[in-house]
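First the structure, in the form of structure tokens, and then the observations on it.
The values are calculated or read from the model by the stated rules, or taken from the named source; none is laboratory data. For clarity, every value in this text was computed on a predicted model and none was experimentally measured. Reconstructed Cβ throughout: ideal geometry from the backbone, glycine too, with neighbour counts over all protein chains shown. Surface areas here come from the heavy atoms of the whole protein model, side chains and all, with no ligands, DNA or RNA. Shrake-Rupley method; radii C 1.70, N 1.55, O 1.52, S 1.80 Å.
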Amino acid sequence: MPLSAVPAVASDRLTSEALPQPEGQAPFESWGRFPRYPGRIVPMHWQQDFPANIAGLHNGALPVGMGRSYGDSCLLKDGNLVLTTGMNRLLHFDPETGILTAEAGLTLAQILDFAVPRGFFLPVTPGTKYVTLGGAIANDIHGKNHHVAGTFGNHVTRFELVRSDGSRRICSPTQDPDWFSATIGGLGLTGMITWAEIRLKPIVSRMIDYEGIQFHGIDEFLALTEQYRNVEYTVSWIDCASTGRNFARGIFMLGDHSRVPGELKPSPQPRLVFPFEAPGFALNHTTVSLFNTAFFHKQMKPRVQALQDYEPFFYPLDKVLHWNRMYGKSGLLQFQYAIPWESAREATITILGEIAKSGLASFLAVLKAFGDVPSPGLLSFPQPGITLALDFPIKADLTFPLVERLADMTLYFGGRLYPAKDAAMTAAQFQSFYPQWEQLARFRDPVITSSFWERVTGDRPAL
Ligand SMILES: Cc1cc2nc3c(=O)[nH]c(=O)nc-3n(C[C@H](O)[C@H](O)[C@H](O)COP(=O)(O)OP(=O)(O)OC[C@H]3O[C@@H](n4cnc5c(N)ncnc54)[C@H](O)[C@@H]3O)c2cc1C
């Protein structure tokens, strides 16, 4: 399809509630709202704006998207955040191959608005659609189909990388493959991705054939994982608060795009906004336990089947904008590990036991098996085994020591933590999780850095 024939995606379809503040000195927060740093926002609207718009600025720069990373990988204390969400044009689409080319600030929500009515879907999607193409590449994100499709980077065919010295290179698995690999999962450090090309997949309906199965304990979870290893999407919600008989109970959720032709209209816009910051006591062990019990029993039968729209299947949390305010002013820490199969069972039981004992778990806990499709990124997070992701409300004196213990346990069991979800791992932990970090450091743009990178490498470049 020629460029002129591709209808522009209206960026105002994302309400200002869903977007970070675009201009000036307004705070740019990550999703966990911890840490919070002052920084200058440098809006970017045109591909050629970079590097011109950071010329003469001090304290370094970092390209950022929607700020849906939880910790400080999308923050730069006292530095310049180059906000890419204004650079959000669709550039080309080929309905024969499903190859879509778009500027890096386009969000996955905007891609879906364009693609679904044309019978296409994202090859890999995270648990929120409010992330940019650039952010999806820089964290080499994964979704419910990791076990069959690998990471987002596995479906990126090319992108352009612009450095602060103005040099530009097209990167693909065959063209400048080392830059391709360093930039996928490269935490935004190798330069600005201006546009990218991805391969979408065909669908015939918005609907998902869904099945939810209750399980009791990790062994049942593992048996279901094995039984359904060829199903496209699998993920489990797990109750991290219960002990005893209910320890590690959960719901194994599986689904695939319906093969019965159906509606392909775009999604309605979310209307609900979490209106205020909840008081700190709103999330406590009692409320979380009550929620977990209710959620488990919401599925009354051990097994349910349904035809479900893709929105609640992939993005149940996107229904309420700013749901992170539920954690109050202090914010939340997200914790996500990937532990290899050799120790995954024992590690998961041990770590879940530690979390349940702490009484700090939240209700948003997700367990999933990663597959063995190799990730294309040098620093990609997924590896074959089990991944567990959950939120902890930040409670002074309790949350940080717990998360540090869990990180040590992850290390002991040979796993690693996800930088996109982290605000707490130590430099020693990071460098053990990712011994290849020094290779990435060689590709870092000299003007680009992040608070995460400085924290975990101790490298504060003179800028
Ligand atoms: C509710 C929720 C659910 C989530 N579920 C998942 C999940 O299932 N799987 C998963 O993997 N992740 C998940 N995430 C994390 C999220 O997908 C990633 O953090 C994603 O990278 C955020 O994209 P963003 O546009 O908000 O980028 P930001 O958070 O703003 O930035 C992320 C990184 O991308 C870099 N970057 C952004 N744009 C560019 C660019 N143009 N050029 C170079 N670098 C750039 C930044 O420097 C930064 O390092 C979830 C997050 C939330 C809030």
Quick one: is D176 of a type in the set (D, E, K, R), assigned by TED's automatic domain parsing to the domain that holds T387 and either out of contact with any Cys (no Cβ under 9 Å at 6 or more places or on another chain) or more than 12 Å from the ligand (Cβ to nearest atom) (or both)?
no
I'd like to check something: does the stretch 347-355 contain any residue that is buried (at least 21 other Cβ atoms within 10 Å of the Cβ) and touching a strand residue (DSSP E or B) at 6+ places or on another chain (Cβ under 6 Å)?
yes
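Could you identify the single residue in Q214, Q227 that is outside the structural domain of V156 (by TED's automatic domain parsing), without any contact (Cβ under 8 Å) to a residue 60 or more places away in the chain and open to solvent by 10 Å² or more (accessible area, probe 1.4 Å)?
Sole residue among the options that is outside the structural domain of V156 (by TED's automatic domain parsing), without any contact (Cβ under 8 Å) to a residue 60 or more places away in the chain and open to solvent by 10 Å² or more (accessible area, probe 1.4 Å): Q227.
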Please work out which one of (1) at pLDDT 95 or above; (2) surrounded by 19 or more Cβ atoms within 10 Å (Cβ to Cβ); (3) not in a helix (DSSP H, G or I) is the condition F221 fails and give its number.
(3)
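Considering only the stretch 224-247, state which residues are under 23 Å from Y310 (Cβ atoms) and in a loop (DSSP other than H, G, I, E, B).
Narrowing the stretch 224-247 to residues under 23 Å from Y310 (Cβ atoms): 224-225, 228-238.
Hits for the stretch 224-247 are Y228, R229, N230, V231, E232.
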Taking the stretch 177-211 and keeping only residues that are hydroxyl-bearing (S, T, Y), open to solvent by 10 Å² or more (accessible area, probe 1.4 Å) and in contact with a helix residue (DSSP H, G or I) (Cβ under 8 Å, 6 or more places away or on another chain), one is left with Y210
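Does the stretch 332-342 include one or more residues that are over 25 Å from S258 (Cα atoms), part of a helix (DSSP H, G or I) and without any contact (Cβ under 8 Å) to a residue 60 or more places away in the chain?
So the first thing to find is which residues in the stretch 332-342 are over 25 Å from S258 (Cα atoms), and the list is 332-342.
Narrowing further to those that are part of a helix (DSSP H, G or I): 341-342.
Filter once more, keeping what is without any contact (Cβ under 8 Å) to a residue 60 or more places away in the chain: 341.
Yes, there is a match, as at least one residue in the stretch 332-342 is over 25 Å from S258 (Cα atoms), part of a helix (DSSP H, G or I) and without any contact (Cβ under 8 Å) to a residue 60 or more places away in the chain.
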Yes or no: L100 part of a strand (DSSP E or B) and either modelled with pLDDT under 95 or in contact with a His (Cβ under 8 Å, 6 or more places away or on another chain) (or both)?
yes
If we scan the stretch 357-368, do we find a residue that is among the small types (G, A, S) and at pLDDT 90 or above?
yes
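Considering D165, D176, D140, which residue is among the acidic types (D, E) and without any contact (Cβ under 8 Å) to a residue 60 or more places away in the chain? Before the answer, list the steps.
Numbers: D165 fails: without any contact (Cβ under 8 Å) to a residue 60 or more places away in the chain; D140 fails: without any contact (Cβ under 8 Å) to a residue 60 or more places away in the chain.
Only one candidate passes the filter, namely D176.
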Look through F392, F381, F413 and report the one residue that is under 13 Å from H142 (Cα atoms) and touching a residue at least 40 places away in the same chain (Cβ under 8 Å).
F381
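With over 22 Å from Y233 (Cβ atoms), away from the ligand (no atom under 11 Å from the Cβ), at pLDDT 95 or above and open to solvent by less than 10 Å² (accessible area, probe 1.4 Å) as the only criterion, which of F93, F114, F121 stands out?
Working: F114 fails: over 22 Å from Y233 (Cβ atoms); F121 fails: over 22 Å from Y233 (Cβ atoms).
None of the other options fit; the residue is F93.
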Scanning the stretch 417-453 for residues that are in contact with a strand residue (DSSP E or B) (Cβ under 6 Å, 6 or more places away or on another chain) and either in a helix (DSSP H, G or I) or open to solvent by 40 Å² or more (accessible area, probe 1.4 Å) (or both) gives K421, F433, V447
Quick test for you: out of G414, G377, pick the one residue that is open to solvent by 30 Å² or more (accessible area, probe 1.4 Å), small (G, A, S) and not in a helix (DSSP H, G or I).
G414
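Residue check: is G415 away from the ligand (no atom under 15 Å from the Cβ) and on the phi > 0 side of the Ramachandran plot? Spell out how you get there, then give the answer.
Details: away from the ligand (no atom under 15 Å from the Cβ): yes; on the phi > 0 side of the Ramachandran plot: no.
No, not satisfied.
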Within the stretch 38-66, can you find the residues that are modelled with pLDDT of 95 or more and under 15 Å from F452 (Cα atoms)?
G60, A61, L62, P63, V64
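I'd like to know if the stretch 44-51 contains one or more residues that are assigned to a strand (DSSP E or B) and within 12 Å of the ligand (Cβ to nearest atom). Show your work before the answer.
We begin by selecting, within the stretch 44-51, every residue assigned to a strand (DSSP E or B); these are none.
No, there is no match, as no residue in the stretch 44-51 is assigned to a strand (DSSP E or B) and within 12 Å of the ligand (Cβ to nearest atom).
Consider V456 carefully, then state whether it is without any contact (Cβ under 8 Å) to a residue 60 or more places away in the chain and either under 21 Å from the mean Cα position of the chain (by Cα) or surrounded by fewer than 15 Cβ atoms within 10 Å (Cβ to Cβ) (or both). Talk me through it step by step, then tell me what you get.
On the way: without any contact (Cβ under 8 Å) to a residue 60 or more places away in the chain: yes; either under 21 Å from the mean Cα position of the chain (by Cα) or surrounded by fewer than 15 Cβ atoms within 10 Å (Cβ to Cβ) (or both): yes.
So V456 passes the test.
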